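Report on the structure given below.
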Amino acid sequence: MRILLTGGSGLYGHYFLRQNPDPARLKVTAITRRATALPAASHSVPMPSVGDGDVWRVLLHHHRPDVVVNAAAIGDVDMVAREPDAARAVNVDLPLNLLALSHEMGYQFIHFSSNAVYGGDEAPYAETAPHAPCHTYGAMKSQVDLALREAADRTLIFRPTVGYGWPPAGARANPLSGALQHLHAGRTIRQVVDQFENPVFAEDVAAVLWQAILRGYTGELNVGGGDAHLSRHQWISSVAELFGLPASLVHTARMADFETVVPRPRDTTFDCTRLQRDFDWALCSVIDGARRMRDAGSSAG
């Protein structure tokens, strides 16, 4: 099976490549924005211009993938609000182009969505919940989701919630890895008590994605962890203790205390019933996920 992956140098791409269950049979071409070391049975291709449909058509005809996984995104919601045109090229134009080419070439198309499509006032959110994005990034993700729903028989809207793990070199920090860097350096951090999620370990996201690919799973799938309605402060302070770091450095704050360009949804906890039922999946708590991170070795110290 041939798989083409965009976003290969990001957090989810990093874990996806490492989790390949059968490298001899599952050949992955990773499209990356920067040079990065890849596991065996994978090779990288520089990211073409996202707006050049002809270049992408040539690339896809050359590699002839059976599956295309689009994990590329500009996910900084404040940056997206400040520079919507540049963000739209990656977050909307690229996936819609890959969707159109899937009609032409017959590959299965899997697109990474986001918890940002939800408004944050009606958690927990199942796949059938209405979209109500509260910022431009969420609106972009929702636009693509709605287009994919029109081709649900051969596409998968793959929607992990807030993820965490050790990011590859050069990738931006996630909420947990960034917090651990500050705490290891002895710096205080502020974490909000009024924003809630059920964060998911990136290693689990990758494992579910591989299962979905091998089964030809289509439709829509929300992927979250086992801690419903967990605040950022609860999350980071509990994990700090697991890493032997002083939880006293994790100070409480509220969302209104931070100057941001756009508002954040209050509670985007997922209803993961479909994930548990269709994949026989046991949800992982942030403590268990962080323990697995710790045991795998830390790059934050």
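A few notes on this one:
- Qualifying residue in region 113-121 (condition: of a type in the set (Ser, Thr, Tyr) and over 29 Å from Arg264 (Cβ atoms)): no
- Filter result (in a loop (DSSP other than H, G, I, E, B) and touching a strand residue (DSSP E or B) at 6+ places or on another chain (Cβ under 7 Å)) within region 228-240: His229
- Residues of region 250-286 satisfying the condition of being crowded, with 18+ Cβ neighbours inside 10 Å and among the aliphatic types (A, V, I, L, M): Val250, Leu275, Leu283, Val286
- Entry remark, region 140-180: residues being within 14 Å of Gly75 (Cα to Cα), surrounded by fewer than 17 Cβ atoms within 10 Å (Cβ to Cβ) and of a type in the set (D, E, K, R) number 1 in total.
- Unique residue being at pLDDT below 95, touching a helix residue (DSSP H, G or I) at 6+ places or on another chain (Cβ under 7 Å) and either surrounded by fewer than 13 Cβ atoms within 10 Å (Cβ to Cβ) or on the phi > 0 side of the Ramachandran plot (or both) when the list is Gly301, Gly297: Gly301
- Subset of region 116-139 that is more than 16 Å from Phe196 (Cα to Cα) and aliphatic (A, V, I, L, M) - its residue that is surrounded by the most Cβ atoms within 10 Å (Cβ to Cβ): Ala139
The values are calculated or read from the model by the stated rules, or taken from the named source; none is laboratory data. None of the values given here were measured: they were computed from a predicted structure. As a convention, Cβ positions derive from the backbone with ideal geometry for all residues, glycine included, and neighbour counts pool all protein chains shown.
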